[in-house]
Amino acid sequence: METGLLKSKTYLYATAFFSGMAVMAVEIGASRLLAPYFSASQIVWTIIIGVIMIALALGNIWGGRLADRDPDPAHLYRRLIFAALWIAAIPVLGKYVIALISGLLIVAIETNLLIAAAFLSCLAVFVFPLLLLGTVTPSLVKYATDSLDENGRVVGNLGAFNTAGSIIGTFLPTFVTIPAAGTAATFLIFAGVLLMLGLGYYFATGTEKRLRTLSLLVYLACALLGANSSPAFWETALAYEGESVYNYLQVKDDEKTTTFSTSVMFSVQSKRVKDGSLTGMYFDYALAAPTLTKGGNVLILGMGTGTFAEQCRRYFPSSSALGVEIDEKIIALSRKYFELPEEIPVVAYDGRAYLQMDKNRYDVIMVDAFRDITIPFQMSSVEFFRLVEQHLAPGGVMAVNLNMRAGGAGNINERLIATIAAVFPAIRTVAVENGTNLALFAARDEATLDKLPQLASKLQDNELSALMRRVAANWQSPARIGEPLTDDKAPVEPLGMRALDGIIREELQYYKGIYRREGFEGLKNAL
């Protein structure tokens, strides 16, 4: 053990620091790897943290026993090399493992599909390297302790170095490597750090030449194959793919439309139709709000790439729109790919925080803020909608995009409607055709909403007028049952996951029916 490299214990403390950094970097990277498939909700974060803590705990137990049985540092640094190579392979193979597990579960189960797939994917991809990294601390304690008299000090110092590394490993991926280089590069960077730790020991001792050579070759292969890895590996013509502090981002562009998504397997968040016609999405239905107010000042909480703002500007030329969007990179994409005019201002801010500091009132407030599968809890509570009501001008209308039609008592839409009803006396909802969205409109009195049929017939654009007449004919006053959501209790993510699970189950039944009737060929044609 007492090689020149380890004699001063400096290398052992460096090992504690960088292994702690790698653990947290892998955890942050895990959330970004899983998010395009399963969301970055609190549920998925719970799965990630739980699985990683289990792996580290088992690694602690195993590492302590290994260190007592054979206190040779060479074994620890070999384990670090294996962990590094596994992490380096995640950008290359991780997405296929996730797709395989999800595909098998689609056939095997019909409920809680996303939760089960996220859990098993996390197990398959991350348990092995985190188990190996869990062996680091007990092994280092064994190697660094020369006598029981200094045992407490050594353990404390190693823990401090490990924790300090964990702090760096938390902030560096989130604010530097993922936004600048991406998730794949982040895995490769921190895998390279671990690999250098392991190889450093063996270069110093002059041993394991074959292991050194092979591990470098494997790492380089992973770097070449995985550096530009895409979660949407089935997509061949993306105009843009990247990551921000908040989201995985994707832009598709063809002759007729430009579409934007913040996750691969969920719905399109924004859409621009190049000939200027309606999009066919919930943005069109939300135009009932400026129709009711004849335009006016419009505030959009959750601007996205500005589809609704541009529609307001096109159909109501005298109106003015202001967008609030928390993700600055989305704002940049809206200007570059969606031709959002510079005269439509966008503020990079959280929607609720903006309302708290804003003193203005608006004729229309559009609430379209989503984090993957559902509205952020702080923008789904009674307290939030009271803020919105306070910022509406007399005769003003709030529009809310409820992105999932949900069945069953106590579903997410029922809870959100009950919440909004606790603030607004007048509410209407209308289902978006050929989609899962539900458009909701709220005002201080029924008379404001009752004007839609009359105002719809006066619109100059025939396409919009026809849609608004259909909205007026089909919208309804929803039942106001269920418990309102509050800042203290707003379980929007479990409710959203349940709704999404139901949507997936319905879709699977449809495709399973095609498979039973027409076989694989029919299924291939349907897809």
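The values are calculated or read from the model by the stated rules, or taken from the named source; none is laboratory data. Since we're looking at a predicted model, the values are computed, not measured. Note that we place each Cβ from the backbone using ideal geometry, even for glycine, and neighbour counts take in every protein chain shown.
Going by the structure shown, is V388 in a strand (DSSP E or B) and either of a type in the set (S, T, N, Q) or crowded, with 24+ Cβ neighbours inside 10 Å (or both)?
Taking the combined requirement at face value, the residue does not satisfy it.
What are the pairs with Cβ atoms under 7 angstrom where one residue, in the range 452-471, is within 17 Å of G295 (Cβ to Cβ) and the other, located anywhere, is assigned to a helix (DSSP H, G or I) and acidic (D, E)? Sequence gap at least six, or different chains.
Between residues of the range 452-471 that are within 17 Å of G295 (Cβ to Cβ) and residues that are assigned to a helix (DSSP H, G or I) and acidic (D, E), the close pairs are L467/D284.
Tell me, please, whether a residue that is assigned to a helix (DSSP H, G or I), free of Cβ contacts under 8 Å to residues at least 60 places away in the same chain and not aromatic (F, W, Y) can be found in the range 133-147.
No, every residue in the range 133-147 fails to be assigned to a helix (DSSP H, G or I), free of Cβ contacts under 8 Å to residues at least 60 places away in the same chain and not aromatic (F, W, Y).
Would you confirm, using the coordinates I've provided, whether Y96 is farther than 26 Å from M21 by Cβ, part of a helix (DSSP H, G or I) and at pLDDT below 95?
Criteria met by Y96.
Just need a number here: residues in the range 13-50 that are outside any helix (DSSP H, G or I) and either crowded, with 24+ Cβ neighbours inside 10 Å or of a type in the set (S, T, Y) (or both).
2
Please work out if A184 is modelled with pLDDT under 95, small (G, A, S), surrounded by fewer than 19 Cβ atoms within 10 Å (Cβ to Cβ) and in a helix (DSSP H, G or I).
Criteria not met by A184.
List the residue pairs whose Cβ atoms are under 6 Å apart, where the first residue sits in the range 155-172 and is polar (S, T, N, Q), the second is surrounded by 21 or more Cβ atoms within 10 Å (Cβ to Cβ), and the two are 6 or more positions apart or on different chains.
From residues that are polar (S, T, N, Q), the pairs are N162/A16; N162/G20; S166/G20; S166/M24; T170/M24.
Output the residues belonging to the range 413-463 that are among the hydroxyl-bearing types (S, T, Y) and surrounded by fewer than 16 Cβ atoms within 10 Å (Cβ to Cβ).
S457
Quick test of your reading of the structure: T291 fulfils all but one of (1) modelled with pLDDT under 95; (2) surrounded by 15 or more Cβ atoms within 10 Å (Cβ to Cβ). Name the failing condition by number.
(1)
Looking only at the range 347-379, filter to residues that are part of a strand (DSSP E or B) and farther than 19 Å from M398 by Cα; which one of those is modelled with the lowest pLDDT?
Ranking the candidates gives R371 first.
For V154, which of the numbered conditions (1) surrounded by fewer than 16 Cβ atoms within 10 Å (Cβ to Cβ); (2) over 19 Å from the mean Cα position of the chain (by Cα); (3) of a type in the set (V, I, T) fails to hold?
Result: V154 passes all but (1).
Report, by residue number, each residue of the range 308-346 that is within 19 Å of A399 (Cα to Cα), of a type in the set (V, I, T) and in contact with a Ser or Thr (Cβ under 8 Å, 6 or more places away or on another chain).
V346, the sole residue that qualifies.
Which ones in the range 157-181 are of a type in the set (A, V, I, L, M, F, W, C) and surrounded by 23 or more Cβ atoms within 10 Å (Cβ to Cβ)?
Across the range 157-181, the qualifying residues are L158, I178.
Can you pull out every residue in the range 219-243 that is within 30 Å of P73 (Cβ to Cβ) and buried (at least 17 other Cβ atoms within 10 Å of the Cβ)?
The answer is Y219, C222, A223, G226.
Against the condition surrounded by fewer than 23 Cβ atoms within 10 Å (Cβ to Cβ), in the same structural domain as L131 (by TED's automatic domain parsing), under 18 Å from the mean Cα position of the chain (by Cα) and free of Cβ contacts under 8 Å to residues at least 40 places away in the same chain, how does I101 come out, does it pass?
no
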